[in-house]
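See below for the structure under consideration.
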Amino acid sequence: MSFSVSKSILAILTAIVSMFAVAFAQEKSGQQYTDVDLGERNAGEQYSIAMAARNVDCDQSIDFKFSSNADWLRFSKDPVIRQVRPGENRTIQATLDFSNLTPGEYEAIVEIDCQNCGGLIFKNCKVNRQKVRLKVKVVGASPVDDIIQHSQLESPKVDYTDKRIPRRLRNAAKRTHGAWAIAVKKANKCAEELVALQAKYENAKANSDALKMSADTADQDVRNMKAQNEAGQTELLNANKAVQAAKEAVKIAERELDNALTHEREAAKTNLAAKQSEKAAADKRLTDAKNGARLHSNRKIRQAEKDAQSKREAAEKAKKAENKALKALNDKRRECGELAAKAEAAKAANAKAESEAKVVLPPAPIKPTQAQVDEEFEKVKTCVRELGELLEAQRLAFEAMARLGMLKGKTESDFKSWADGVDKANDLFSKVPPGIPVVSSMVGTVTDALTFVRAVIGVASAIDRTGSLNYRPVAGMFKDETKAKNWLKSNGFASSDPEAQRVADQMKLYSKSNSSKGMEQALEQKKSECDGKISKYEETKAAFEAK
């Protein structure tokens, strides 16, 4: 028999108990129990335990079954070690579950049976049912005292508005401080709930202890009443025997007096008087025994038993309530410990983020060269040219689509958003740096653009569109794009292949939604691009000219 304890990385104690349920060729007798002391264990915790069975000298492989009488010692659904070969040890896992136990001393009896010894080919392998008694002392400090303490929230050490600190670092410090605040709030709330559960558990335990004491007292009262009655019956029996013995002694003394010689009569009279006195004492003892033989009636005892049973049930109910309160308390304690650890981790993360959020002075700007100014100027020039080409392509696309019947049923209100986009593009042209030409037939206001649309729609209504389906796109695709571009060139909507391609692209955008939405998006995108390039050019030029 051996016993050892080790601690895992999860801080869960694992008790290893080697119990050699031994199969012998002959049945051997031994002590009733083998005692194993598990020492102290914490209330509210669970532990794993390994038990071993050994086949010492049975020449067959045999099976051992384990069972327990305690709810807190659990085996698997199939607690059997099978096919233990001669001389081999095999183990089985069990769980010590103290989740619902209050502090105190507990015992569990583990029985180990050889399942197939004594039968068929195993008839020469006999084994006694072996019993192991596990003893454990369940202890528990105040759960509140066991909580991991966590620091309270502190004010931020970083000015989140200080633009000298990189935004990424400011955001990290702010985010981690917010996470710390949430973690501390959760930990504090849990601690408050734990205090309430602690009080609830203590009340439940006090009630359970009081009811248990009351039930124990009632049980003892019943035992005392029965013992008193039993003692009375025993005394009555003994008193009867004493009376009979005293009667017999008197008779003997009387005969001795009758048969006594003259010189013996005085002694015989004295002996008879003594025996008569003893009989009188025996008679009194019998009278007293009869009076006390039934000190407690059966009815009184039954009522006492009923009262004791009622108190025992109340005590058991209170014990269940105590265990339930203890489990809730231990569950909350574990939760609070986890939340406290998270609060500390959040604090550490915030401290790290705040330590990194230092003021970073921007590097001294490098003055741009004339070549860089010229480069930015060319970018603006190219973008403005492309914007002008886009506006021109959209104008021509509208005229071509009117010719092909794609604007059928449309009114100028359908193109109000597009006209607004044209107006915004024209506003940009007013900001173009000197020296950059603006080439577009669409330069003008919203009114100018709508006037153009109205004219196009009006002209379109009088145009013969025979065969137009071969040259207009459907859902963004032409039946034959090459023929369509040739048609655009031959009908005066484009003077070159690139221009025809630009016009065709705008027609395809329109056909995807049967509206100018796609054209508006293309115009806005190009306009925003040019805005950015103009701003970049002006910044570069100003930096170059600065002293």
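Numbers for the structure displayed
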| quantity | calculated |
| --- | --- |
| Selection count, segment 64-81, where residues are touching a Lys or Arg at 6+ places or on another chain (Cβ under 8 Å), surrounded by fewer than 19 Cβ atoms within 10 Å (Cβ to Cβ) and not small (Gly, Ala, Ser) | 2 |
| Residue 320 being touching a residue at least 12 places away in the same chain (Cβ under 8 Å), farther than 30 Å from residue 526 by Cα and not assigned by the TED database to the domain that holds residue 45 | no |
| Pair list, Cβ under 7 Å, 6 or more apart: segment 375-386 residue among the aliphatic types (A, V, I, L, M), other residue outside any helix (DSSP H, G or I) | 380/433; 380/436; 384/432; 384/436; 384/438 |
| Residue 212 being modelled with pLDDT of 85 or more, within 30 Å of residue 319 (Cβ to Cβ) and either exposed (fewer than 15 other Cβ atoms within 10 Å of the Cβ) or not hydroxyl-bearing (Ser, Thr, Tyr) (or both) | yes |
| Among the candidates 94, 50, 108, residue that is assigned to a strand (DSSP E or B) and either in the same structural domain as residue 322 (by the TED database) or touching a Lys or Arg at 6+ places or on another chain (Cβ under 7 Å) (or both) | 94 |
| Single residue of 279, 284 found to be at pLDDT 85 or above, surrounded by 14 or more Cβ atoms within 10 Å (Cβ to Cβ), basic (Lys, Arg) and farther than 30 Å from residue 222 by Cβ | 279 |
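The values are calculated or read from the model by the stated rules, or taken from the named source; none is laboratory data. Keep in mind the model is a prediction, meaning the values are calculated, not measured. No Cβ is skipped: glycine too gets one built from the backbone with ideal geometry, and neighbour counts run over all protein chains shown.
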